[in-house]
Amino acid sequence: MSDTDFQFYKKVLLEKSGLALTPEKTYLLHTRLTPVAQSLGYKTLGDMTVFLRGSQDPVTIRAVVEAMTTNETSFFRDTKPFNNLRDVILPEIIKAREATKTIRIWSAACSSGQEAYSTAIIVSEFLQDKPGWKCQIVGTDISEDILKIARAGEYNQFEVQRGLTIQMMVKYFTQSGTAWAIKDHLKSMVKFQYGNLLESSVTLGTFDIVFCRNVLIYFNPETKAQVLTGIAKRLAPDGFLLLGACETVLGLSVPFEALPGLHGVQKLK
């Protein structure tokens, strides 16, 4: 791939998804986009590039973005955020929402749904002795293909074994051969829809808790600030933001500050 073509895709991906490509990703770009070009009927990646330069076709651009999006995830990934959710965050939210008995949680960049369903498991266990409470979890992602998997809520043996004990698998999933489907009472707590963190999320409403983990690491500082500022507008004044283990708001001009002693947990200033 020529440097000119690399710079073209770098610009497109930054504008459409916030992904900040570096030159060492040239091979990865070529490897992932060549099958995309073939699937869309182009003889070569170069032919698709020429077409995109002249048309900015939204279907092709969406395919490019989806191909370059990393969807690595697992149930209860990193563990600590879910412990903080159960032991610290939910108790505080429960006290603050006693009047409405309603909790809203956003799983931003939800990938294939494991984070959202893990959250549903934690919340359902926490609320089992608290009648009258309701929880809505909204999962958003930029990839329509990955959202189809999330909505289905069905995973293979390898996927459920990553982060789930045998007891949890049996309790919260229905097995059919090698497939494991999330049970309906958890599935009904979660709604999945398309969402681009660079675009307005006003239609999502306000949330008490937002998960935005292992996403900011792919953005440059300006895009990180843009995304976090957008999330701040969707977070209740006393709400919580959970970031990934390697992510921080330090050095960014954003309305968040880290909570001492709770790594990765942020509150509005």
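Annotations for the structure displayed:
- Gyration tensor verdict on region 153-269 (Cα atoms; rounded if a/c is under 1.5, prolate if a/b is larger than b/c, oblate otherwise): prolate
- This model, with +1 at the C-beta of Lys and Arg and -1 at the C-beta of Asp and Glu, gives region 138-269 a dipole about its Cα centre of some 260 debye.
- Set of aspartates and glutamates with alpha-carbon distance to LYS224 below 20 Å, sequence-local pairs under 8 removed: GLU15, GLU66, GLU72, ASP141, GLU199, GLU247, GLU257
- Residues of region 142-160 with amide N under 14 Å of the 7 Å Cα→Cβ point at THR178: 155-160
- Entry comment: accessible area of the chain is 48 Å² per residue, from protein heavy atoms only and a probe of 1.4 Å.
- Cα pair distances exceeding 27 angstrom across the chain, given as percent: 43 percent
- Here region 177-235 is assigned +1 on the Cβ of each Lys and Arg and -1 on the Cβ of each Asp and Glu. Its dipole about the Cα centre then comes out at about 120 debye.
- Gyration tensor verdict on region 1-109 (Cα atoms; rounded if a/c is under 1.5, prolate if a/b is larger than b/c, oblate otherwise): prolate
- Cross-link pairs exceeding 22 Å between alpha carbons, from the set LYS130/LYS267; LYS130/LYS171; LYS134/LYS171; LYS25/LYS191; LYS130/LYS187: LYS130/LYS267; LYS25/LYS191.
- Top of PRO23, PRO81, PRO221 by mean-square fluctuation, Gaussian network on the chain, Cα under 10 Å: PRO23
- Computed over the chain, the per-residue total of -39500 (n - 2.57) for DSSP H runs of n ≥ 4 gives a 222 nm mean residue ellipticity of -12500 deg cm²/dmol, rounded to 500.
- Shape class of region 64-214 from the alpha-carbon gyration tensor: oblate, with a/c at 1.5 or above and b/c at least as large as a/b.
- Model label sites at LYS130 and SER200, defined 7 Å from Cα along the beta-carbon direction, differ in position by 3.3 nm.
- Shown for the chain: the carbon plus sulfur share of the solvent-accessible area, taken with all protein chains present and a 1.4 angstrom probe, equals 55%.
The values are calculated or read from the model by the stated rules, or taken from the named source; none is laboratory data. All values derive from a computational prediction rather than experimental measurement. Cβ sites come from the backbone with ideal geometry, for glycine too, and all protein chains shown count toward neighbours. In case anyone asks, the SASA skips ligands and DNA or RNA and just uses the protein heavy atoms, side chains included. Shrake-Rupley method; radii C 1.70, N 1.55, O 1.52, S 1.80 Å.
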